[in-house]
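Comments concern the structure below.
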Amino acid sequence: MRTRVCITIDTEFSIGGAFSNAARTPVAEPLVWCEVGGQSQGLGFMLDTFGRYGVQATFFVETLQRNYFKHDPMRAIARRIHEQGHEVQLHSHPCWTMFQRDDWREVASKGRPKDNYHSRDIDDSAALIQQGIDTFADWGLPRPQVFRSGNMHHDDALYQALAKAGIPYASNVAVAIFDCGDSKYRLYSGQHERHGVREFPVLTFADWALGSKQHIKSLTIAGSSFAETRRLLEQARAAGIPLVVILTHPFEYVQNRDLAFSQTRINSQTQRRLVQLCAFLHEHRDRFDGCGLATAANALPVSASASSPIAGNILLKGALRHTVPRMAAQVAYHKYGRWLLSRKHGPYTRPT
């Protein structure tokens, strides 16, 4: 059996600093298309790359932004993704519900609106999820089968809400990004059933260890070198892990320094990593299958350990020979990009 590799893309708009600064407004398409010199270096680049190497990806598309963007710009984006043969699944950031209020600026000025599915009432979460299901129907898209929460926030109540809403699969867990404090959700790999919902966590691994101390990291395109990713894929296959979930966003394929995403340049480091990964999956398609998450989940039998809090939960190990060069390269490239942007747009001022 081939090891399934699911590249998942959180596809979302941005509040753009509007909650803290009355002069700012939320940002829509620029955060997704990420145009540089008239060409899309975000979503457009990703779709071209996936098409070139025959990789099917999973786009988790955010729907609660409709509370602000009444002209519904995400509709065309979601349909474009679907028409190119990729999975469109459900993503949700509760902070967008603030725009249901006419006095949202006044309320937001008194404290940052909550953007969490952690510690949220089951019925409230189920209603937000149902909004997403209804949005997909309105957009003419297949009903979502997989859910991912904003900021990877989760707890036991969220899985009960997903079961109530009839969503069979989830990918809410990335332990290095958010740890809800419940040991049965400290999931590093594989598949795990909670309240009848099968969770496929973003792969989390130990990228370095010194003695008894180790550092964990969730697998992302922007945060991991291709050498690290390739090693982890080979380890996952050797360990019998049937599915590897990788996380990314369209805006990570450009370097940007303003909230409106108007001062950008190509992020060749991240773009190269995605190309290398897709080329690897294509070259080794006899062993790895770059496919959508629902496609993989529907094909995978529920393992005997899926309902166990700990069984089948393997923490893979990175290597310092990969970690140290990656960290050095990231710092150097970030500084180089900031320097180039400053040459073009002037000295950098941190957004307030």
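Structural remarks
- Scanning segment 161-174 for residues that are surrounded by 23 or more Cβ atoms within 10 Å (Cβ to Cβ), aliphatic (A, V, I, L, M), on the phi > 0 side of the Ramachandran plot and modelled with pLDDT of 95 or more turns up nothing.
- Counting the residues of segment 62-79 that are touching a residue at least 12 places away in the same chain (Cβ under 8 Å), open to solvent by 10 Å² or more (accessible area, probe 1.4 Å) and not in a loop (DSSP other than H, G, I, E, B) gives 4.
- For segment 66-106, filtering for residues that are of a type in the set (Asp, Glu) and under 17 Å from the mean Cα position of the chain (by Cα) leaves 1.
- Residues satisfying the criterion are present in segment 208-216 (criterion: in contact with a strand residue (DSSP E or B) (Cβ under 7 Å, 6 or more places away or on another chain), open to solvent by 10 Å² or more (accessible area, probe 1.4 Å) and without any contact (Cβ under 8 Å) to a residue 60 or more places away in the chain).
- Subset of segment 43-61 [touching a Phe, Trp or Tyr at 6+ places or on another chain (Cβ under 8 Å) and surrounded by fewer than 22 Cβ atoms within 10 Å (Cβ to Cβ)]: Gly44, Gln56
- Output for segment 157-193, where each listed residue is more than 22 Å from Asp115 (Cα to Cα) and free of Cβ contacts under 8 Å to residues at least 40 places away in the same chain: Gly166
- Exclusive hit being in contact with a Gly (Cβ under 9 Å, 6 or more places away or on another chain) and either open to solvent by less than 20 Å² (accessible area, probe 1.4 Å) or of a type in the set (D, E, K, R) (or both), set Arg237, Arg287, Arg272, Arg231: Arg231
- As for segment 3-19, it holds at least one residue that is small (Gly, Ala, Ser), touching a residue at least 60 places away in the same chain (Cβ under 8 Å) and open to solvent by 10 Å² or more (accessible area, probe 1.4 Å).
- Of the residues making up segment 109-124, just one is in contact with a strand residue (DSSP E or B) (Cβ under 9 Å, 6 or more places away or on another chain) and of a type in the set (Ser, Thr, Tyr), namely Tyr117.
- Boolean, Ile221 is touching a helix residue (DSSP H, G or I) at 6+ places or on another chain (Cβ under 8 Å) and within 19 Å of Ala297 (Cβ to Cβ): no
The values are calculated or read from the model by the stated rules, or taken from the named source; none is laboratory data. Every value quoted in this text rests on a predicted model; they were computed, and no experiment measured them. We place every Cβ from the backbone using ideal geometry, glycine too, and count neighbours over all the protein chains shown. All accessible areas refer to the heavy atoms of the entire protein, side chains included, with ligands and DNA or RNA removed. Shrake-Rupley method; radii C 1.70, N 1.55, O 1.52, S 1.80 Å.
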